[in-house]
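Read through the structure below, which is laid out as structure tokens, and then see the notes.
The values are calculated or read from the model by the stated rules, or taken from the named source; none is laboratory data. All figures in this text were calculated on a predicted structure; none of them were measured in a lab. As a convention, Cβ positions derive from the backbone with ideal geometry for all residues, glycine included, and neighbour counts pool all protein chains shown. Accessible surface areas use protein heavy atoms only, side chains included; no ligands, DNA or RNA. Shrake-Rupley method; radii C 1.70, N 1.55, O 1.52, S 1.80 Å.
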Amino acid sequence: MAVTISQPENQERCLTFYGISWSQLEAIEAAFENVAGVRFTYLDGILEIMTVSPEHEETKSTIGLLLEAYMRQKGIRFYVKGGPTLGSEEQNAKKEPDESYNLETKKAIPDLVIEVIFTSGGINKLELYQRIGVPEVWFWEDGLLKLYRLRDRYEQIERSELLPDLDIALLSRYTLYADQYDAVT
């Protein structure tokens, strides 16, 4: 079993393990059940165990608050799903998104997943979300949002197809605003 350790400056840590079975994944998750701030991502025998930094959580929350303020302003019905575990043993994939939403109605699979990237391992998150069938995935990294829409496979898009009037550059700019309350206001 190979292990890779990433230790970036922002205090997040990522351990990547290869050759992990589904039953091993479940045992490892059970061992971490009462440990806060640990996230698991699994795809085809690769397991990432990541700790999340306060900056990660603040950025994820700011994006969510901004997006929710926009949808309320526009009268768009939405349901915050948060980070429920998505995937299954049959899909050989499992992940807790940083944030997720259903638009218009509640559904088992979110319409939109948002991932905040400070540290990443070796798992292709788009491949994982494609198996699950998430229509739109947004990645925030280094102050920028990259959007992807699922067709036969994910394609990068400039504007959200779920929220076509949303100014992504403006959303990104306010994500970096010094004060979360002022940004959302």
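Brief remarks follow.
- Just one of the numbered conditions (1) assigned to a strand (DSSP E or B); (2) within 20 Å of THR59 (Cβ to Cβ); (3) open to solvent by 70 Å² or more (accessible area, probe 1.4 Å) is not true of GLN156: (2).
Condition check ((1) part of a loop (DSSP other than H, G, I, E, B); (2) at negative phi; (3) open to solvent by less than 50 Å² (accessible area, probe 1.4 Å)) across all residues:
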position	(1), (2), (3)
ASN102	no, yes, yes
GLU115	no, yes, yes
SER120	yes, yes, no
ILE123	yes, yes, yes
TRP138	no, yes, yes
SER160	yes, yes, yes
LEU170	no, yes, no
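- Annotation note: Cβ proximity below 7 Å between a residue of the range 68-89 that is assigned to a strand (DSSP E or B) and a residue that is at pLDDT 95 or above and aromatic (Phe, Trp, Tyr) (sequence gap 6+ or interchain) occurs for PHE78/TYR101; TYR79/TYR101; VAL80/TYR101.
- Taking the range 25-58 as the range and being among the polar types (S, T, N, Q) and open to solvent by 20 Å² or more (accessible area, probe 1.4 Å) as the test, the residues that pass are ASN34, THR51.
Residue by residue, here is whether (1) more than 19 Å from LEU147 (Cβ to Cβ); (2) not hydroxyl-bearing (Ser, Thr, Tyr) holds:
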position: PHE40; (1), (2): yes, yes
position: ILE46; (1), (2): yes, yes
position: LEU65; (1), (2): no, yes
position: ASN92; (1), (2): yes, yes
position: LEU103; (1), (2): no, yes
position: ASN124; (1), (2): no, yes
position: TYR129; (1), (2): no, no
